[in-house]
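> Handing you a structure now.
The values are calculated or read from the model by the stated rules, or taken from the named source; none is laboratory data. Bear in mind the structure is a predicted one, so any value in this text is a computation, not a measurement. Positions of Cβ are backbone-derived with ideal geometry, glycine not excepted, and every protein chain shown enters the neighbour counts. Heavy atoms of the whole protein, side chains included, go into the accessibility calculation; ligands, DNA and RNA do not. Shrake-Rupley method; radii C 1.70, N 1.55, O 1.52, S 1.80 Å.
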Amino acid sequence: MSRVGTLLLVLAALVFMASTVFHAMTPAQEGVTLAERGIALAGLQRLTEQPQQMDLPGLFLQPGGPGMAGLMVVTMVALVYHLARCFVLPGPWRQARRNDGGAVQGPLILGLVLGAIWPWLLPGQPVVALVLAAAMLTAFLAAAMRGVRSEDEVLHSSTLGFIAGWGMLISFAVLAGLLRDELGIPQEIAAVITMLIGSVAAVSVQLRLGRRTGFSLALLWGLICLAGATVTTDAVIATMAVISIAIIAVAMVRVLT
């Protein structure tokens, strides 16, 4: 990879991390706060008999609990580790990057730039934000699945897979929110649709990644946190999250055995 490409990758990573962290620190919308306080709101929901409306993207972009916050932090650490592995640490990735590292880092740079932009467009331009989020996810998946060639084998990256898994969680959360807010689909149905599609897509990706399970680990982490945040406020979403966890776990077992 050229020096210009190296500089672009580092700059894109710094912009992405700064944008993500700054956005996470902005005041959360009320829906996010309520969703994270599901236990406290259980009694109120039973009195009003109305489903709790949640800001699903906000659960991941502006985490209010340690689980979601930890997922974001680990994603940032995975990105930093990938940079270190490519440019500092010895190993196959550092040796191979001169030949075909650009095949991985090009999509990664694009995904990082898009990931730094689209969350800020979500409140006012949700459709544009969804398109950019989908493009970000596509770029992350391309980087994770393409790998680099070292001698006679292609190396896939668990760290890039973890980043792609985080991107898939957020992208499908944005899709669910758009289906609810723009098309009027009930929140539970929108969540079920997106999680079913996401689970099938996740299995396909994991089977292609083989024994590199960082992608599925990120998805399982986020889905477990989602199930915990909604278990007392929206049983349908919590149940669908558990079903998605089971589907992805089966795919993980399949590639590890």
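> Just to be sure, is G210 touching a residue at least 40 places away in the same chain (Cβ under 8 Å), closer than 23 Å to L130 by Cβ and small (G, A, S)?
no
> Looking only at region 215-255, how many residues end up being free of Cβ contacts under 8 Å to residues at least 60 places away in the same chain and in contact with a Gly (Cβ under 6 Å, 6 or more places away or on another chain)?
Within region 215-255, residues that are free of Cβ contacts under 8 Å to residues at least 60 places away in the same chain and in contact with a Gly (Cβ under 6 Å, 6 or more places away or on another chain) number 2.
> Turning to a different aspect of this structure: Would you be able to tell me the number of residues in region 64-106 that are farther than 18 Å from V10 by Cβ, at pLDDT 90 or above and not small (G, A, S)?
6
> Right, next: For the list (1) over 13 Å from the mean Cα position of the chain (by Cα); (2) buried (at least 20 other Cβ atoms within 10 Å of the Cβ); (3) under 20 Å from L56 (Cα atoms), I need the number of the one condition that Q206 fails.
(3)
> Further question on the same structure: Any residue in region 106-135 that's touching a residue at least 24 places away in the same chain (Cβ under 8 Å) and under 27 Å from R3 (Cα atoms): show its pairings with residues that are open to solvent by 70 Å² or more (accessible area, probe 1.4 Å) and assigned to a helix (DSSP H, G or I) at Cβ separation under 6 Å, as long as the two are six or more apart or on different chains.
Note: pairs meeting the criteria are I109/L8; A116/V15.
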